[in-house]
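What follows is a single structure, written as structure tokens, with notes after it.
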Amino acid sequence: MASMFDVGQPVMVPARPAARAADSEKITINLGHVDLGHVDLLVAEGVYANRSDFIRTAIRNQIDRHAEVTRQSVARRSVELGLRQIDRPSLEAALSEGRMLEIRVLGLATIAPDVTPDLARATIASLEVLGSLQASPAVKAALADRLR
């Protein structure tokens with residue numbers, strides 16, 4: 001089976017900085033053979049550095065194209081954009097005040113490693129993350145019925 005680069009001369013593409021693990025998350029997509037062939041042709045012609053570069057660009061273009069829908073939805077849902085760090089002191093403060101938190105994030109939500117499953121359950125009423133959630137397996141399990 002021929003690889004995408006078996007088309008003659010090697011293609012020189014300027015190096016791009018690699019994304020750090022904390023800045024990205026790996027996903028899997030399914031593409032038809034013809035669509036994948038088109039992507040590989042554009043990579044071979046040097047239009048894109050690799051398949052991932054093409055897919056990232058296509059996704060960003062679609063996000064830009066639908067920016068108004070996103071803006072309206074974020075406002076309607078009261079979603080925080082970007083990074084939301086949930087730390088032990090803020091959860092302990094909510095607990096002492098008798099408050100339950102409803103957290104909605106578009107981006108990355110991280111629950112600090114020192115947050116115990118009991119503290120998370122006692123203070124987080126609901127957690128909706130459109131993007132990625134980073135938390136210990138024990139905290140994720142404790143909040144499983146509260147994740148949307």
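How many residues, within region 82-122, are surrounded by 14 or more Cβ atoms within 10 Å (Cβ to Cβ), closer than 29 Å to K26 by Cβ and of a type in the set (S, T, N, Q)?
Count: 2.
Please go through region 70-113 and give me each residue that is at pLDDT 95 or above and assigned to a helix (DSSP H, G or I), ordered by number.
R88, P89, S90, L91, E92, A93, A94, L95, S96, E97
Which pairs have Cβ atoms under 6 Å, sit 6 or more apart or on different chains, and link a residue in region 123-137 that is surrounded by fewer than 19 Cβ atoms within 10 Å (Cβ to Cβ) to one that is acidic (D, E)?
A125/E102; S126/E102; S132/E25
Any residue at all in region 131-139 that's farther than 22 Å from K26 by Cβ and either part of a helix (DSSP H, G or I) or at pLDDT 95 or above (or both)?
yes
Scan region 69-98 and report the pairs whose first residue is closer than 14 Å to G131 by Cα and whose second residue is of a type in the set (D, E, K, R) and surrounded by 14 or more Cβ atoms within 10 Å (Cβ to Cβ), with Cβ atoms within less than 7 Å and a gap of 6+ or a chain change.
V79/R104; E80/R104
The values are calculated or read from the model by the stated rules, or taken from the named source; none is laboratory data. Note that this is a predicted model, so its numbers are computed, not measured. Cβ sites come from the backbone with ideal geometry, for glycine too, and all protein chains shown count toward neighbours.
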